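Q: Just dropping this structure here.
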Amino acid sequence: MPMRGPRIVSLIAALLLAAPATAQMRGHGGPVRALAVTGDGQLAISGGFDQAAIVWGLETGTALSVLRFHDGAVNAVAALPDGRFATASEDGRIALWRLGGFEPERVLEGHTGPVAGLAPAPDGATLASAAWDGTARIWPLAGGPARVLEGHKGNVNAVAFLPDGRPVTAGADATVRIWTLQGELAASVTLPSALSALAVTGDAEIAAAGADATVRFLAADGRPRAELELGPAPVIALAFSPDGSRIAAASAGGAVAVIDRKTAKLLFTLVGPGLPVWSVAWRPDGSELVTGGGDRLVRRWNGATGEPIGPLAMPRPADALAAFHGDRGAEVFRACVACHSLTPDDVPRAGPTLAGIFGRRIASVPGYRYSDSLKGMDIVWTPETVSRLFEIGPARYTPGTRMPEQTITSADDRDALMRFLVKATATAAGGAEAAGAH
């Protein structure tokens, strides 16, 4: 596939050193899905549901560059030992960047589903990726074909490396799988629930967590050692401190638990604005945590106390549905609002705006980058066609969509959602796209 030219906006970084430190970095138009910190601790790279990656100066809280290359949410980022960094997206592609560059140096293609996780190998020679096509891949950074790891029954959500270079994967099938250097399965451990997060220490202990809100610690051969239930919200990101003594567990409930690894006891909790925390990373000296979440902000926290760096202000994004309080259809739509706006002038999000949705053809919002499979479909969005989308699911109604699979089984809820969309989108200027059409 030829590489599509990236759209990159560079922000001038003059007088950065004079700017005050801040706990809150604003720039993403949607939830911050992924975070990584460079080896010198000076920069962070974030990926968002708004399809953008941003490079931040951590000391100043300033966006140094905003990179728009991917055709979907940027689900994973990784800082590479040679000064480069990688971004991966629901478009199935992985882009390798040089800091300060204006386009990817290289694009890795091969996954046939969204890429959910990235991890550089300890020796810096390879990059691992986890994807919803049921595979993980090991990519030689010097070039050449990827090694494919197959065996998971469903989405592979996370990947990491043991210190000796062996890959570890975790997936929706509730298994942690440990692989040989040659890519053969060495061990598989089935845990009680679907897994979304994985982390490995420098002395080869594995931590995994997911839907049941429990962090589990495993030996390098998969034997369980300890666990801590955090509940009730699923854990969606994990990161060990650089010295391996603590682990940060971010949850869909909006908090980040910092856990003592040896005792598996809770040390303290970072309390934010109550929206999901999608990503967490440590600065290399362990002094600070960096988080990203549903409030669209990148935040800095004291790694020893859990206090925010800078002002404690915890503003929530404006509630786009406040005017529809008590409307059942608006409550159903809350599951969609992270990816779709109701007005054409709102900030960019992972999905196209829904303004003026009814009466428009699929894949027709100007400026939005659709998957190729949608462009040839002959669908006009009406209350009936949108309702059908949620009745049978996007994967069946619009094959090839990058929209996460979801259905609304209640006919009453689908009807309420359609009534809401008729009211909320009819007066907005500028055409739009159906909720599942991307």
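Q: Out of Gly134, Gly117, Gly171, Gly151, report the one residue that is modelled with pLDDT of 95 or more, closer than 14 Å to Val200 by Cβ and assigned by TED's automatic domain parsing to the domain that holds Phe49.
A: Answer to the selection: Gly117.
Q: Those residues that are surrounded by 15 or more Cβ atoms within 10 Å (Cβ to Cβ) and over 15 Å from Gly72 (Cα atoms), I need them from the stretch 366-384; list them, please.
A: Hits for the stretch 366-384 are Met377, Ile379, Trp381, Thr382, Pro383.
Condition check ((1) closer than 19 Å to Ala239 by Cβ; (2) at pLDDT below 95; (3) buried (at least 24 other Cβ atoms within 10 Å of the Cβ); (4) in the same structural domain as Phe161 (by TED's automatic domain parsing)) across all residues:
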position: Gly29; (1), (2), (3), (4): no, yes, no, yes
position: Ala34; (1), (2), (3), (4): yes, no, yes, yes
position: Ala52; (1), (2), (3), (4): no, yes, yes, yes
position: Gly57; (1), (2), (3), (4): no, yes, no, yes
position: Ala63; (1), (2), (3), (4): no, yes, no, yes
position: His70; (1), (2), (3), (4): no, yes, yes, yes
position: Ala76; (1), (2), (3), (4): yes, no, yes, yes
position: Ala79; (1), (2), (3), (4): yes, no, no, yes
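Q: Sticking with this structure for a sec: Take the residues of the stretch 233-275 that are out of contact with any Gly (no Cβ under 7 Å at 6 or more places or on another chain) and part of a loop (DSSP other than H, G, I, E, B): which is nearest to Ser193 (Cα to Cα)?
A: Once the filter is applied, the top-ranked residue is Ala252.
Q: So, Ser373, is that one touching a helix residue (DSSP H, G or I) at 6+ places or on another chain (Cβ under 7 Å) and farther than 23 Å from Gly27 by Cα or not?
A: no
Q: Same structure again: Consider Arg223 carefully, then state whether it is surrounded by 15 or more Cβ atoms within 10 Å (Cβ to Cβ) and outside the structural domain of His340 (by TED's automatic domain parsing). It would help to see each step written out before you state the result.
A: Details: surrounded by 15 or more Cβ atoms within 10 Å (Cβ to Cβ): no; outside the structural domain of His340 (by TED's automatic domain parsing): yes.
Judged against the criteria, Arg223 is not a match.
Q: Further question on the same structure: Looking at (1) touching a His at 6+ places or on another chain (Cβ under 6 Å); (2) without any contact (Cβ under 8 Å) to a residue 24 or more places away in the chain, which is the one condition that is false for Gln42?
A: (1) is the only condition that Gln42 fails.
Q: Something else about it: Which residue out of Thr169, Thr190 is more than 30 Å from Phe69 (Cβ to Cβ) and polar (S, T, N, Q)?
A: The unique qualifying residue is Thr190.
Q: If I filter the stretch 295-337 down to residues being modelled with pLDDT of 80 or more, of a type outside the set (A, V, I, L, M, F, W, C) and in contact with a Lys or Arg (Cβ under 9 Å, 6 or more places away or on another chain), which single residue comes out as surrounded by the fewest Cβ atoms within 10 Å (Cβ to Cβ)?
A: Arg328
Q: Please state which one of Trp282, Trp278 is crowded, with 20+ Cβ neighbours inside 10 Å, farther than 19 Å from Ala170 by Cβ and of a type in the set (Phe, Trp, Tyr).
A: Among Trp282, Trp278, only Trp282 is crowded, with 20+ Cβ neighbours inside 10 Å, farther than 19 Å from Ala170 by Cβ and of a type in the set (Phe, Trp, Tyr).
Q: Shifting gears a bit: Restricting attention to the stretch 360-386, which residues are part of a helix (DSSP H, G or I) and at pLDDT 95 or above?
A: Pro383, Glu384, Thr385, Val386 - these are the residues of the stretch 360-386 that are part of a helix (DSSP H, G or I) and at pLDDT 95 or above.
The values are calculated or read from the model by the stated rules, or taken from the named source; none is laboratory data. Computed from a predicted structure; not experimentally measured. We place every Cβ from the backbone using ideal geometry, glycine too, and count neighbours over all the protein chains shown.
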